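The values are calculated or read from the model by the stated rules, or taken from the named source; none is laboratory data. On a predicted model such as this, the values are computed, not experimentally measured, just so you know. With ideal geometry, Cβ positions are generated from the backbone for all residues, glycine too; neighbour counts draw on all protein chains shown. Only protein heavy atoms, including side chains, enter the accessible area calculation; ligands, DNA and RNA are left aside. Shrake-Rupley method; radii C 1.70, N 1.55, O 1.52, S 1.80 Å.
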Amino acid sequence: MRVQNNETMRVQSSKSRIEKHHIEDLVGRSYMSFCVLLLIVSIVSMVYFVTSRGISTFAIDKVSISDFFFGTTWSPEGDHPSFGALPFIAGSFITTLLAALIASPLSICAALFMTEIVPGWGKKLLQPVIELLSGIPSVVYGFVGLSVIVPFLRNVFPGQGIGVAAGALVLSVMILPTITSVAVDALSTLPRNLKESSFALGATRWQTIARVIIPTTLPAIMTGVVLGMARAFGEALAVQMVIGNAPFIPTSLFESASTLTSVITLGMGNTTMGSPHNNALWSMALVLMLMTFLFVFVVRMLEKRRSI
Amino acid sequence: MEATLTAPHILQPAKTERDFRTENLSIYYGTYEAVKGISLPFPEKSVTALIGPSGCGKSTFLRSLNRMNDEISGSTSKGSIWIDGVDINASGTDVIKLRQKIGMVWQKPNPFYKSIYENIAFGPKYHGVKGKKALDEIVESSLRRAALWDEVKDRLKESALALSGGQQQRLCIARALSVNPQILLLDEPASALDPVSTGKVEELIKELKEQLRIVIVTHNMQQAARISDFTAYFYLGQLIEYGMTEKVFTNPENTMTQEYIMGRFG
Ligand SMILES: Nc1ncnc2c1ncn2[C@@H]1O[C@H](COP(=O)(O)OP(=O)(O)OP(=O)(O)O)[C@@H](O)[C@H]1O
Ligand SMILES: [Mg+2]
């Protein structure tokens, strides 16, 4: 009898345990679904909002798409407004590309230094520096750019110091940690035997770096470069502080210019919602968003190629 | 323990110019002695198999033969490695030149992320081979020596990564042969391969030993018995037994060797 009792008790307790599991599982699942739903809803509504606002420049204010993308005159107020956004689009692309051109070789060298040349103290020394650099707020970068880079450029080159070169330099420092850390990851996952196969054939360290290590990790490093470019393209504050914010296509590196982001941050507060000026700013935000998608797409493609 | 060790009295080969052997070679990782004073000869036109339980220092010993352990920080060594009458373990050795004489292939096939052609041409280019014709010839002869030519001759420009695992491993052997080494070091070259590919690699080793000396690390006793002429049994960094493969496998002098071989065969 007692045995039987025990038996039923055991069955009961295991039953309630199963139920408890079920409930926990259910709660966890619903919470997770809720979070995912929230994420999807906010992304979709943001995309919708930016897109609907962005296209009203063309749909409501009847600005022609070619005038917007290829027009060089930006005078959004007045009786005969003109919404040529090319100077900003060009400014964004020029500063981003220049920043990537400056930062990529430096980052790759830093990453090689940390992983191949002095993997011991090189990594110990540089890793915290890189992490620190990526944590500094952009206003600090802008401020340093304004008080160090701009005066330097003013003294050495013609012009006011403020301009495209200053913007690109500030951006390049900002994206340095992004590219470096992706490159370090890529380099440290390289199979050791691959390097050693090159050594075993009598290649020197430099030959191995140039002919085996860099070519093998290049797709991964390119991912870092594109991520860095995405960051540079979207950066507003620091660039705005040093680029001069003139609505013209720059003809030299030391001339003032604007980027999409700097025009948006400077203009948003001073325009009324729904005005053509305001709508034009949204259109630029739309361009920024599409560019971001493009960057993500490129990164994806690179990752895909890497896994082959 | 010491008493049970076979005195390596057979290890006193004539010191000729064509000599390749180690003498009292010890290798350390920091203060840890992974290989303890090993003297081994590697006779011409022969395959020497290194066997022993995991962690006994086979790879460490093999890697030291082309100074690959130089690449590991904290690794040091004592003793000598004689090649052609020169101690290549001495500090002034030109490691780059030395490594041309000694090819190496690892457990996992690791072709460069390049075309089949470029994989083979990689080494010769660094050793001053110029001109497309000369390189073409080396590529063809290396691939032929590795018994891979017929399978890849129409796709030399394709990525080496598109080859099967077994083909990749033979490509790695061809790559090692491209600089015309006198010695080939193989660290478990077939343990990641299927039986058919393994058979091909073994066949290849048997052919290649007519041209150069081969040192192979293997966990596969049947394989060691099939392809090697001499066998060395390592245990905890020490050389326990060395001799003709037939002798070591049928009538080992040391009971530890016997137990290991029996255990692995069973
Ligand atoms: N890079 C290293 N740093 C420190 N110790 C190492 C290093 N490589 C190997 N060792 C140690 O040296 C000893 C011998 O290692 P080794 O790789 O030569 O063994 P093995 O006989 O090749 O083993 P396996 O059959 O598993 O490949 C082991 O105790 C190992 O832990
Ligand atoms: Mg090993």
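When you check A:LEU260 against the structure, is it in the same structural domain as A:VAL144 (by TED's automatic domain parsing), in contact with a Leu (Cβ under 8 Å, 6 or more places away or on another chain) and buried (at least 16 other Cβ atoms within 10 Å of the Cβ), yes or no?
On the way: in the same structural domain as A:VAL144 (by TED's automatic domain parsing): yes; in contact with a Leu (Cβ under 8 Å, 6 or more places away or on another chain): yes; buried (at least 16 other Cβ atoms within 10 Å of the Cβ): yes.
Yes; evaluated as a whole, the condition is true for this residue.
From the list A:GLU131, A:GLU116, exactly one residue is open to solvent by 70 Å² or more (accessible area, probe 1.4 Å) and closer than 30 Å to A:THR208 by Cα. Which is it?
From the options A:GLU131, A:GLU116, the qualifying one is A:GLU131.
Collect the residues in region A:224-257 that are among the hydrophobic types (A, V, I, L, M, F, W, C), open to solvent by less than 40 Å² (accessible area, probe 1.4 Å), farther than 20 Å from A:PHE295 by Cα and not in a loop (DSSP other than H, G, I, E, B), keeping them in residue-number order.
Those that are among the hydrophobic types (A, V, I, L, M, F, W, C), open to solvent by less than 40 Å² (accessible area, probe 1.4 Å), farther than 20 Å from A:PHE295 by Cα and not in a loop (DSSP other than H, G, I, E, B): A:ALA238, A:VAL242, A:ILE243, A:ALA257.
Inspect region A:29-51 for any residue being part of a loop (DSSP other than H, G, I, E, B), open to solvent by less than 90 Å² (accessible area, probe 1.4 Å) and not charged (D, E, K, R) and give the result as yes or no.
For region A:29-51, residues part of a loop (DSSP other than H, G, I, E, B), open to solvent by less than 90 Å² (accessible area, probe 1.4 Å) and not charged (D, E, K, R): absent.
Consider B:LEU212 against the criteria (1) surrounded by 21 or more Cβ atoms within 10 Å (Cβ to Cβ); (2) away from ligand 2 (no atom under 16 Å from the Cβ): it satisfies all of them except one. Which criterion is unmet?
(1)
Go through (1) surrounded by fewer than 23 Cβ atoms within 10 Å (Cβ to Cβ); (2) within 28 Å of B:GLU259 (Cβ to Cβ); (3) away from ligand 2 (no atom under 16 Å from the Cβ) for B:HIS219 and report which single condition fails.
B:HIS219 satisfies all of (1) surrounded by fewer than 23 Cβ atoms within 10 Å (Cβ to Cβ); (2) within 28 Å of B:GLU259 (Cβ to Cβ); (3) away from ligand 2 (no atom under 16 Å from the Cβ) except (3).
Right, A:ILE221: under 30 Å from B:SER159 (Cβ atoms) and either more than 14 Å from chain B (Cβ to nearest Cβ) or within 20 Å of the chain's Cα centre (by Cα) (or both) or not?
For A:ILE221, the condition - under 30 Å from B:SER159 (Cβ atoms) and either more than 14 Å from chain B (Cβ to nearest Cβ) or within 20 Å of the chain's Cα centre (by Cα) (or both) - is met.
Just to be sure before I move on: is B:SER73 open to solvent by 10 Å² or more (accessible area, probe 1.4 Å), within 16 Å of ligand 2 (Cβ to nearest atom) and small (Gly, Ala, Ser) in the structure I sent? Please lay out each step first, then the result.
Values: open to solvent by 10 Å² or more (accessible area, probe 1.4 Å): yes; within 16 Å of ligand 2 (Cβ to nearest atom): no; small (Gly, Ala, Ser): yes.
When the stated conditions are applied, B:SER73 does not pass them.
With B:GLY57, B:GLY74 as the choices, which residue is modelled with pLDDT under 90, in contact with a strand residue (DSSP E or B) (Cβ under 7 Å, 6 or more places away or on another chain) and within 10 Å of ligand 1 (Cβ to nearest atom)?
None of the others qualify; the one that does is B:GLY74.
Quick one: in region A:98-113, which of the residues that are over 12 Å from A:VAL173 (Cβ atoms) and open to solvent by 60 Å² or more (accessible area, probe 1.4 Å) is nearest to the other protein chains (Cβ to nearest Cβ)?
So, considering only residues that are over 12 Å from A:VAL173 (Cβ atoms) and open to solvent by 60 Å² or more (accessible area, probe 1.4 Å), the one nearest to the other protein chains (Cβ to nearest Cβ) is A:PHE113.
In region A:196-217, how many are open to solvent by 10 Å² or more (accessible area, probe 1.4 Å), without any contact (Cβ under 8 Å) to a residue 24 or more places away in the chain and at the interface with chain B (Cβ under 9 Å from one of its Cβ atoms)?
Matching residues across region A:196-217 total 5.
Select from region B:124-149 the residues that are outside any loop (DSSP other than H, G, I, E, B), among the basic types (Lys, Arg) and surrounded by fewer than 17 Cβ atoms within 10 Å (Cβ to Cβ) and list them in ascending order.
Selection gives B:LYS132, B:LYS133, B:ARG144.
Counting only residues that are open to solvent by less than 80 Å² (accessible area, probe 1.4 Å), among the hydrophobic types (A, V, I, L, M, F, W, C) and over 20 Å from the mean Cα position of the chain (by Cα), how many does region B:235-264 have?
3
Tally the residues that are part of a helix (DSSP H, G or I), open to solvent by 20 Å² or more (accessible area, probe 1.4 Å) and more than 7 Å from chain B (Cβ to nearest Cβ), restricting the search to region A:176-195. If you could, list the steps in order and put the result at the bottom.
Looking only at region A:176-195, we keep the residues that are part of a helix (DSSP H, G or I), and these are A:176-188, A:192-195.
From the residues that got through so far, the ones that are open to solvent by 20 Å² or more (accessible area, probe 1.4 Å) too are A:176, A:178, A:181-182, A:185, A:188, A:192-193, A:195.
If we keep only those that are more than 7 Å from chain B (Cβ to nearest Cβ) as well, we get A:176, A:178, A:181-182, A:185, A:188, A:192, A:195.
Of the residues in region A:176-195, 8 are part of a helix (DSSP H, G or I), open to solvent by 20 Å² or more (accessible area, probe 1.4 Å) and more than 7 Å from chain B (Cβ to nearest Cβ).
Residues being within 14 Å of another protein chain (Cβ to nearest Cβ) and not basic (Lys, Arg): count how many of those fall in region B:40-81. Spell out how you get there, then give the answer.
Initially, region B:40-81 is screened for residues within 14 Å of another protein chain (Cβ to nearest Cβ), giving B:59-60, B:62-75.
Subset that is not basic (Lys, Arg): B:59-60, B:62, B:64-66, B:68-75.
The total comes to 14.
Yes/no per residue for (1) over 29 Å from B:TYR28 (Cβ atoms); (2) more than 14 Å from chain A (Cβ to nearest Cβ); (3) in contact with a Pro (Cβ under 6 Å, 6 or more places away or on another chain):
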site	(1), (2), (3)
B:VAL179	yes, no, no
B:GLN182	no, no, no
B:PRO189	no, no, no
B:VAL196	yes, yes, no
B:LYS209	yes, yes, no
B:ALA224	no, yes, no
B:PHE234	no, yes, no
B:TYR260	no, yes, no
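Filter region B:86-118 down to residues that are of a type in the set (Ser, Thr, Tyr) and touching a residue at least 40 places away in the same chain (Cβ under 8 Å) and give me whichever is most open to solvent (accessible area, probe 1.4 Å).
Among them, the one singled out is B:TYR113.
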